[in-house]
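The values are calculated or read from the model by the stated rules, or taken from the named source; none is laboratory data. Quick caveat: nothing in here was measured; it's all calculated off a predicted structure. With ideal geometry, Cβ positions are generated from the backbone for all residues, glycine too; neighbour counts draw on all protein chains shown.
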Amino acid sequence: MARLSELGVDFQHWCFACGQLNNGGMRLDFDVSRDRAEARYTALQRHQGYDGVLHGGVVTALLDEAMGWAIFHQGIWGVTARINVSFRLPVPVGEEIRVVGEVTRDRGRLIETHGTVSRARDGEMLAEADATFLRMPEDRRRQLERRYSNTDEAFARVRAAVEAEETAHPVEHGRT
């Protein structure tokens, strides 16, 4: 997997989920591979709903962000068109969780994804989601790439790292 921050992706912005400038945010950093993104996160008390439980809107944000980064490795920028979240168990504050997003189907302009939130210590699923992302137009994609890359080559480095990993460890991918 390729760690985004180590490959030149600029997180010096205010995004609630991944921006490093947002002191109230989650400051996520993702590892990406083909059609997949993964991060670990320990929920903070300031993001809770009921005592000791992560707010459902924040759980949704985690899933949305992971699925959005799952489409990223190919230089695809998308916006969430639809998201459907199922909450299985409360997500505890103060305990490390694992959030994963995966591409399940690329339909051209629409990209279907699936995401999960699980406890890091035992893998028990706490929440999952299915979402559809709408691919951004090329001119907007170029603007975003310039804004969120330390260098113009950051996204190419991410794609190259994913391809190098696949060459070293070939795996069949079930995309349709």
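Taking the residues in the stretch 69-110 that are within 28 Å of M136 (Cβ to Cβ) and small (G, A, S) as candidates, determine which candidate is surrounded by the fewest Cβ atoms within 10 Å (Cβ to Cβ). Spell out the reasoning first.
Applying the first criterion (within 28 Å of M136 (Cβ to Cβ)) to the stretch 69-110 yields 69-86, 98-110.
Filter again for small (G, A, S), leaving 70, 75, 78, 81, 86, 101, 108.
On the way: A70: 29, G75: 13, G78: 21, A81: 13, S86: 10, G101: 28, G108: 6.
Looking at residues that are within 28 Å of M136 (Cβ to Cβ) and small (G, A, S), I get G108.
Out of curiosity, is T113 touching a Phe, Trp or Tyr at 6+ places or on another chain (Cβ under 9 Å), of a type in the set (S, T, Y) and surrounded by 14 or more Cβ atoms within 10 Å (Cβ to Cβ)?
Details: touching a Phe, Trp or Tyr at 6+ places or on another chain (Cβ under 9 Å): yes; of a type in the set (S, T, Y): yes; surrounded by 14 or more Cβ atoms within 10 Å (Cβ to Cβ): yes.
So T113 passes the test.
Filter the stretch 16-34 for residues that are closer than 27 Å to L89 by Cβ and of a type in the set (A, V, I, L, M, F, W, C); which is modelled with the lowest pLDDT?
F16
Here are the criteria: (1) closer than 24 Å to D130 by Cβ; (2) surrounded by fewer than 17 Cβ atoms within 10 Å (Cβ to Cβ); (3) at pLDDT below 95. Tell me which single one A37 does not satisfy.
The one condition A37 does not meet is (2).
Working only within the stretch 161-176, note down all residues that are modelled with pLDDT of 75 or more, of a type outside the set (S, T, N, Q) and farther than 20 Å from F11 by Cβ. Reasoning before the result, please.
Here is the first cut: in the stretch 161-176, the residues modelled with pLDDT of 75 or more are 161-169.
If we keep only those that are of a type outside the set (S, T, N, Q) too, we end up with 161-166, 168-169.
The answer is E163, A164, E165, E166, A168, H169.
Take the residues in the stretch 84-136 that are small (G, A, S) and within 16 Å of the chain's Cα centre (by Cα); name whichever of them is farthest from A37 (Cα to Cα). Full working, then the answer.
The initial filter retains those residues of the stretch 84-136 that are small (G, A, S), namely 86, 94, 101, 108, 115, 118, 120, 123, 127, 129, 131.
Remaining after also requiring within 16 Å of the chain's Cα centre (by Cα): 101, 115, 118, 127, 129, 131.
Numbers: G101: 5, G115: 9, S118: 14, A127: 16, A129: 14, A131: 14 Å.
Selected residue: A127.
What are the residues in the stretch 51-61 that are touching a residue at least 12 places away in the same chain (Cβ under 8 Å) and either in contact with a Lys or Arg (Cβ under 9 Å, 6 or more places away or on another chain) or over 18 Å from T132 (Cβ atoms) (or both), if any? Before the answer, list the steps.
Going through the stretch 51-61, the residues touching a residue at least 12 places away in the same chain (Cβ under 8 Å) turn out to be 52-54, 56, 58-61.
Selection gives G52, V53, L54, G56, V58, V59.
Condition (residue is closer than 23 Å to M136 by Cβ and either within 14 Å of the chain's Cα centre (by Cα) or modelled with pLDDT of 75 or more (or both)) applied to the stretch 44-57: is it met by at least one residue? Step through it out loud before you land on a result.
The first filter runs over the stretch 44-57 and keeps only residues closer than 23 Å to M136 by Cβ, leaving none.
Checked against the condition, which is being closer than 23 Å to M136 by Cβ and either within 14 Å of the chain's Cα centre (by Cα) or modelled with pLDDT of 75 or more (or both), the stretch 44-57 yields no hits at all.
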